[in-house]
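Coordinate-derived values only; no laboratory data. Everything numeric in this text was worked out from a predicted model, so none of it was measured. Please note: Cβ atoms are built from the backbone with ideal geometry, for glycine as well, and neighbour counts cover all protein chains shown.
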Amino acid sequence: MRARIAVLPGDGIGPEIVAQACKVLERVGEVFGHDFELVTGLVGGAAIDATGSALPEETQALCTGSDAVLLGAVGGPKWDDPRLPVRPEQGLLGLRKLLDVFANLRPVRVSPYLLHASPLRPEIVSGVDLVVVRELTGGIYFGRRGRYNENGQEHAFDTEDYSRREIERVVRFACELAKQRRKHVSSVDKANVLESSRLWREVATSVFSQYPELESEHVLVDACAMFLIRRPSSFDVLVMSNMFGDILTDEASMIAGSMGMLPSASLGEGRVGLYEPIHGSAPKYAGQDVANPLATILSAAMLLRYSLRLVQEAEAVESAVEAVLREGYRTRDIYSGAPEEERVGTERMGTLVAERIGA
Ligand code: IPM
Ligand code: MG
């Protein structure tokens, strides 16, 4: 097949990890006989430096005109001054909104070869296979915000705001996903305090009633944070608001051993999906060939599966990653006691995965 993929490396370690995912996609193209056109564009701080905008019009056109978007990460100390009017994160948030990708899938699976990379005990993380469905285009990230003065005090506020429709479509998405998995879905909220969460729970309850084949539950977010550590393998699909999903997926990444292992797919009703690792741009590690490219490579696998419907190809990439881990290769974030010769850099890790596709 022919496909056009927009590639947005972004900032920090973004260009290095994205280069490895592109290497893997090119290899998939060769082995399976597909013609992938990878077109690079600017986003985040790199785009601000070049154009003044974190999401230039050219990038917007590139993304809406492609079959899928592969993104690295955005942000860095250079653009962190809170007084600056444009921020790299606007590029990412703007892109999610532009593509209307309201459902952000963040699977957490524990490779049997990485049981000891997690700070949690192996018997706790063993067998974990869950997916967080994070609402991505609403909530406090996009609600009304501002500053004002009252009684000589400066105030600032952000608003958690959800419509029935926004909640409905993401919960339905989670239920459809659960149907294809272990048929268990947990809706996460803070309904004991927040009005927006009470609406969330009301809508989730009504959507759940349309899926009698699923086992469903409501979990308060604070308790969920604890259960993720105490009994992560009891979860299958979890669905939650934008900010709860942001926070709990960083927590959940520790189950898999490292942020560097977690991919994501952002999907909507539109045609174009957005694929990115859940981690940030890690400016501290940029340009040193130490970042773990596996989260981005696994995001490319999700791109093959969800946007291009190339299931066999997606599985080939995932098996290649497993093979490399089985053989003992580790980047710095996941090596706990790996022998010297099996410690590899970003570039080499990408090559090892690519070589194992179709081998
Ligand atoms: C994520 C990131 C982003 C988010 C940042 C970089 C804006 O933390 O994708 O989880 O908060 O959504
Ligand atoms: Mg985050």
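Remarks
- Amide H contacts under 5 Å for L238, placed H, 5+ residues apart: V131, V132, V133, S186
- The mean sequence distance of close C-alpha pairs (under 8 Å, at least 6 residues apart), as a share of the length of the chain, puts its relative contact order at 23 percent.
- Contour excess over end-to-end distance, with Cα ends at R144 and A61 and 0.36 nm allotted per residue: 27.2 nm
- Cα centroid separation - the range 29-70 against the range 306-358, whole Å: 24 Å
- Considering only S253, S209, Y148, and ranking their Cα positions along the charge dipole of the range 129-254 that arises from unit charges at the beta-carbon of Lys, Arg, Asp and Glu, the one farthest toward the positive end is S209.
- Rounded to the nearest 20 debye, the dipole magnitude of the range 1-123 is 380 debye, with +1 charges on Lys and Arg beta carbons, -1 on Asp and Glu beta carbons, and the Cα centre as origin.
- With contacts taken as Cα pairs under 8 Å at a separation of at least 6 residues, the range 129-254 carries a relative contact order of 38 percent.
- Taking 0.36 nm per residue of sequence separation and removing the Cα-Cα distance, the S126/E322 pair yields an extension gain of 69.0 nm.
- With q set to 0.06 Å⁻¹, the log10 of I(q)/I(0) for the chain, from the Debye formula over equal scatterers at the Cα positions, is -0.22.
- Using the Cβ of I48 as centre and a radius below 10 Å, the other residues enclosed give a net charge of 0, where K and R count +1 and D and E count -1.
- Summed residue charge, Cβ within 10 Å of G328's Cβ, Lys/Arg positive, Asp/Glu negative: 0
- The charge dipole of the chain, taken about its Cα centre with unit charges on the Cβ of Lys, Arg, Asp and Glu (plus for the first two, minus for the last two), comes to roughly 500 debye.
- Fluctuation leader among D67, D81, D189 - the chain, Gaussian network, Cα springs under 10 angstrom: D81
- Cβ-based charge dipole, the chain, positive-most Cα from V344, Y329, V272: V272
- Each peptide in 190-200, 82-92, 12-22 receives the mean, over its residues, of other Cβ atoms within 10 Å, and ordering these scores from highest gives 12-22, 190-200, 82-92.
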